[in-house]
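Undergrad: My questions all concern the structure below.
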Amino acid sequence: MINLYSTQIESIALHRVGNKNKSEGIFLSAEPFSLNDETTGLLKEYFFKPFREKEESYFRLANEVDVEFNTLFKIASEIFEDPATLHSNSKKIATHLFEQSNHPHIKSGEVYVAHLTGVMLDNVKVDALGIFKSELKHDFLQFEEKGSNLEILVQQGINVNKLDKGCLIFNVNKEEGYKVLSVDSNRYDTKYWLEDFLAVDVLADENFYTKNYLKFCQNFAKDVVLPAEDKQQEVLFMNRAVNHFAKNDEFEETSFMNEVIENPELIPEFKHYKVEKGPKYSIEDVSNFDIANKAVSDARRKIKNVINLDTNIQIKMDFINPESADKFVEKGWDEERQMYYYLVYFNKEEKS
């Protein structure tokens, strides 16, 4: 879990990188950028906001031979060992990015390289290397008094509410290639940023396994539970699955199946589904792992707990107390109307 509210920008370098394919050049600043209170506040919000809003999916710097051959790994290691080298190493980072900028879709833009301190990662204070890029330019209006008239000046600049690309390389897990977070608002050139520039692999940690196992369960509910039973049982299965993750610190698959799969006939189906679909979620050989609470909370917000009926009525289930839906909601068939129905029991209507 990441917290950036107390993070400080210790030093920052600013360069501009063009599209090599279009014969655009590269501009490397001779000196570090001098921060003041106003620019520091704006840049912190500009850089960090997308990471606060993004689901945490971590990567690691990698190379098919050895991580030592990853360009950014070598540069990041030098900066972490001696932060005074940030500016000289930032030129190497900008040049490396320029060398990957060959596709005609890649846009030129400003590159910011920052040494960050006070980052809270999993409740531990660490330093980090931030690499950010602004690409899309927007028209904005400026106004100027000329004599007795007010004139409009049309200028171009970046929108500080939307970072185009960015990554945070945390000074932890060096031997595995550090721990990395990435954001990319412009999906047309993801390969260029993630694969060519950063050269990262997915970091298979507790967050990765928790998120992927719950996605796997969601698809099992849709593909197996729903056809075998009904929509109510699909929703209840996911309620039980999420609650099992929420109340445990460690995941153990046998315990999960016994608690969450109420219909014993579906247990062999679950095992078969894992053999078939497990590789898609990288969980085929995984049956025990630590549970990441943040990933559980993210999944709870995304999973739908609503039964939509073709009579324009919705029934919303409670994720926190799924037993209520089991005890007080009954499904049946009305012979006279030739329609299904849900019978809902309650004592009184709650005030909204």
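The values are calculated or read from the model by the stated rules, or taken from the named source; none is laboratory data. Just so it is clear, the structure is predicted and the values come from calculations on it, not from any experiment. Cβ coordinates were reconstructed from backbone atoms using ideal geometry, including for glycine residues, and neighbour counts include every protein chain displayed. Keep in mind that these areas ignore ligands, DNA and RNA; they rest on the heavy atoms of the full protein, side chains included. Shrake-Rupley method; radii C 1.70, N 1.55, O 1.52, S 1.80 Å.
Undergrad: Select from the range 7-30 the residues that are of a type in the set (Ser, Thr, Tyr) and open to solvent by 70 Å² or more (accessible area, probe 1.4 Å) and list them in ascending order.
TA: Answer for the range 7-30, where residues must be of a type in the set (Ser, Thr, Tyr) and open to solvent by 70 Å² or more (accessible area, probe 1.4 Å): just Ser23.
Undergrad: For the range 113-190, please list each of the strands (runs of 3 or more DSSP E) lying entirely inside it that holds at least 3 residues being among the aliphatic types (A, V, I, L, M), surrounded by 11 or more Cβ atoms within 10 Å (Cβ to Cβ) and modelled with pLDDT of 95 or more.
TA: Passing ranges, in order: 124-134.
Undergrad: Further, regarding this structure: Could you please find all residues in the range 49-86 being of a type outside the set (A, V, I, L, M, F, W, C), surrounded by fewer than 21 Cβ atoms within 10 Å (Cβ to Cβ) and more than 21 Å from Met120 (Cα to Cα)?
TA: Of everything in the range 49-86, those that are of a type outside the set (A, V, I, L, M, F, W, C), surrounded by fewer than 21 Cβ atoms within 10 Å (Cβ to Cβ) and more than 21 Å from Met120 (Cα to Cα) turn out to be Asn63, Glu64, Asp66, Glu68, Thr71, Lys74, Glu78, Thr85.
Undergrad: Among the residues of the range 55-108 satisfying the criterion of being aliphatic (A, V, I, L, M) and over 24 Å from the mean Cα position of the chain (by Cα), which is nearest to Val183 (Cα to Cα)?
TA: Ala94
Undergrad: I would also like to ask the following. Could you grab the pairs with beta carbons closer than 6 Å, sequence gap of 6+ or different chains, first residue in the range 65-79 and without any contact (Cβ under 8 Å) to a residue 60 or more places away in the chain and closer than 18 Å to Phe98 by Cβ, second one open to solvent by 10 Å² or more (accessible area, probe 1.4 Å) and not aliphatic (A, V, I, L, M)?
TA: Qualifying pairs under 6 Å: Ile75/Lys92.
Undergrad: Continuing with the same structure: So which pairs qualify, if the first residue must be in the range 1-26 and farther than 11 Å from Met120 by Cα, the second must be assigned to a loop (DSSP other than H, G, I, E, B) and among the hydrophobic types (A, V, I, L, M, F, W, C), the Cβ gap must be under 6 Å, and the two must be at least 6 apart or on different chains?
TA: Between residues of the range 1-26 that are farther than 11 Å from Met120 by Cα and residues that are assigned to a loop (DSSP other than H, G, I, E, B) and among the hydrophobic types (A, V, I, L, M, F, W, C), the close pairs are Ile12/Phe33; Leu14/Phe33; Asn19/Ile106.
Undergrad: Quick one: is Leu194 assigned to a helix (DSSP H, G or I), open to solvent by 10 Å² or more (accessible area, probe 1.4 Å) and touching an Asp or Glu at 6+ places or on another chain (Cβ under 6 Å)?
TA: On the way: assigned to a helix (DSSP H, G or I): yes; open to solvent by 10 Å² or more (accessible area, probe 1.4 Å): yes; touching an Asp or Glu at 6+ places or on another chain (Cβ under 6 Å): no.
No, not satisfied.
Undergrad: Within 19 Å of the chain's Cα centre (by Cα) and under 30 Å from Gln8 (Cβ atoms), is that true of Leu163?
TA: Yes: the conditions hold for Leu163.
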